[in-house]
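Each remark here refers to the structure printed beneath this line.
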Amino acid sequence: MAVVLGPILKFCGCENGRWTVSALLVWTGEIQPVVTATILPGAASDAQPVAIAAQRLRSRLHKRAVHVAESWRITVDQHPARELQVQYTVNDEFYTFAVPARDSAPTCAYTSCNGYSDFKKMKDIPQDPVWNKMRDNHALRPYHLLLMGGDQVYSDAMWTTTGLHDWAAAPNDKKLANKPVSKTLRTEIDDFFFANYLKVWSYPHVARMLATIPTVMMWDDHDIIDGWGSYPPKFQQSPVFEAIYEVARDYFLLFQQHCATADELPLRLPAQPGFSKAARFGPYGLLVLDLRSERTPDLVMGEQSWEAAYNWLDAQQDCKHMLIMSSIPVVHPDFSTLEMLLCALPGQQELEDDLKDHWLSRPHQWERLRLIHRLQEWSQRTGGRVTILSGDVHVGAIGAIESSQKHYHGQPITIHQLTSSGVVHPPPPAMALFYLEHVGNKVEELEGGITTAMYKFPGTSHRYIGARNYLSLEPDRVEDGRSRDRLWANWHVENEERPYRQAILPLTPQV
């Protein structure tokens, strides 16, 4: 028996003080791995034993008779006052992860863009510096959750390393001839996705984090193909695109969600065709939006999916802080001018897909405005703070949505957006960053007294981090039996010793 991938940890929920994690392994051979778990001594003398049970996902991966994928559920009773360190073993290899105290806010790391649009750059640019920063910080103050907002893998190399190369080179009339995908080509697509996950997630700097921090993942376009959902319908509905999506979806469910079918997806919102999910832990909530499964040039997410998301949101009471994962930034400069400048940026045509995908793309603006209204109304009604977490654009940034008409007991409703991108993908070229800085000072005015703006990072003169980075979300430590309920956002940047910081204060009535 040989483990070829894993363990990969996934957060499966927290109910009634029980924190549940899944550990995924992929292996070859006849003998099943042995997985055990215990609470490390000294953490809490009155902690309950760890409950653990094996749960097989599937015995074979798409006719891969030599590979087996299986997950183990680890359920921990949270301590009422302190963090627990859980140690688990896979065939005598030791790993640990941290579980927050009951009813407390978790400490999180957030990443996006774990790869390259141009896979040839992998030879020239090291992939591990930002992941290594996370490792070092995790050792100082453990992260309870690793939120991954999209592009966990990049599929771009598929167009040049498989039979899709010939399809991509063919004229459009042949691409769209509605010819069924051959068994050979489908096998090549399947082989690519399987090998891509095994390769990228087996890199030591990635593997050690995935094995020690439970993840919450949502896919974006590169987990399928670059710009997925923004192509014309004749391409989206072509046999080749449908085959790519089906294979990408199956591996997304297996590797990122630890399940064989959509019905098994932990935390998935009911009555929706997509994969949006949500969770509560103590005073915090997390709503993870699937902005890819139903995307079209005119639609980001279908009505059923939006209704499922808003129904869950409206049902949340006593929530001090709601985190919303949106793979594409809700607040960002209008790229329409940049689109006209693309001809002046040789080699940067990949930016075109971002323009079509962007929330400010004209067909998507009504969905965006409705989302903003619903988030502000929830905050106004409940007094809970809302913060959007986003990536995709290969820069770090702080955005804000403000309202002059919606208040909570006299305090204006402000929604922050924290953008972190990418953990591996290089930043945009200098000209694009120059453009962002010079248009980023504009205030966007929406209906109903709503404005959006990009903030400067505290203590700096710039609004964008033009380097690779990841974001940490660190609640105030409890001192003297109480917490100030602030959330500290920290951007940890490649080749910079100190992080950029932004405090997000609770929404409290004015006296």
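Taking R0 as 45 Å, what FRET efficiency do you get between LYS183 and ARG362 from their Cβ-Cβ distance, rounded to the nearest 0.05?
Numbers: r = 41 Å, r/R0 = 0.91.
Efficiency at R0 = 45 Å is approximately 0.65.
Annotation: amide H of GLN411 within the under-5 Å range of GLN510, sequence separation 5 or more or interchain, hydrogens built in the peptide plane. Annotation: for a label point projected 7 angstrom from Cα along Cα→Cβ of GLN85, residues of the stretch 208-251 with backbone N closer than 16 Å are 212-213.
Ordering THR212, ILE388, ASN441 by the projection of their Cα atoms onto the charge dipole of the chain, which places +1 on the Cβ of Lys and Arg and -1 on the Cβ of Asp and Glu, puts THR212 at the extreme positive end.
Taking 7 Å steps out from each Cα toward its Cβ at GLN236 and GLU15 produces label points 3.4 nm apart. Remark: ASP290, ASP156, ASP118 ranked as ASP118, ASP156, ASP290, counting other beta-carbon atoms within 10 Å and listing the fewest first.
What's the extension gain from GLU246 to SER461 if we count 0.36 nm per residue and subtract their Cα-Cα distance? Working shown, then result.
On the way: separation 215, 0.36 × 215 = 77.40 nm, distance 4.57 nm.
That pair, GLU246 and SER461, stretches by 72.8 nm at full extension.
Viscosity 1.306 mPa s, temperature 10 °C: give me the Stokes-Einstein translational D for the stretch 187-280 in µm²/s, with Rh taken as the Kirkwood radius over C-alpha pairs.
Values: Rh = 14.8 Å.
Here the translational diffusion coefficient equals 107 µm²/s.
Summary of the geometry: the stretch 170-195 and the stretch 60-120, compared by the centres of their Cα atoms, lie 34 Å apart.
Each residue of the stretch 16-24 was assigned a 3J(HN,Hα) from its phi angle through the Karplus curve 6.51 cos²θ - 1.76 cosθ + 1.60 (θ = phi - 60°); the sequence is 6, x, 10, 9, 10, 10, 10, 10, 9 Hz, with glycine and proline shown as x. Shape annotation for the chain: C-alpha extents along the principal axes are 68, 59, 45 Å, from largest to smallest. Rounded to the nearest 0.05, the FRET efficiency derived from the C-beta distance between ALA453 and ALA170 at R0 = 41 Å is 0.35. In order along the stretch 305-322, phi translates into HN-Hα couplings of 5, 5, 4, 4, 5, 5, 4, 5, 4, 5, 7, 7, 10, 6, 10, 7, 8, 10 Hz, rounded to whole numbers, per the Karplus curve 6.51 cos²θ - 1.76 cosθ + 1.60 with θ = phi - 60° and x for Gly and Pro.
Distances between placed amide hydrogens fall under 5 Å for THR215 paired with LEU9, LYS10, PHE11, LEU146, all partners being 5 or more residues away or on another chain.
Dividing the Cα radius of gyration of the stretch 270-464 by 2.2 N^0.38 Å, with N the residue count, gives 1.04.
Here the Karplus curve 6.51 cos²θ - 1.76 cosθ + 1.60, taken at θ = phi - 60°, turns the phi angles of the stretch 422-437 into couplings of x, 6, 10, 4, x, x, x, x, 4, 5, 5, 5, 4, 4, 4, 4 Hz, with x standing for Gly and Pro. Residue pairs exceeding 28 angstrom between C-alpha atoms, taken from LYS121/LYS442; LYS174/LYS199; LYS120/LYS442; LYS121/LYS179; LYS121/LYS234; LYS183/LYS234: LYS121/LYS442; LYS174/LYS199; LYS120/LYS442; LYS121/LYS179; LYS121/LYS234.
Packing here is the average count of other Cβ atoms within 10 Å per residue, and on that basis the peptides 414-422, 179-187, highest first, run 414-422, 179-187. Cα-based radius of gyration for the stretch 85-190, normalised by 2.2 N^0.38 Å, reads 1.62.
All of the numbers you see were taken from the coordinates with simple rules; none came from a lab. Everything quoted here is computed from the prediction, not taken from an experiment. We place every Cβ from the backbone using ideal geometry, glycine too, and count neighbours over all the protein chains shown.
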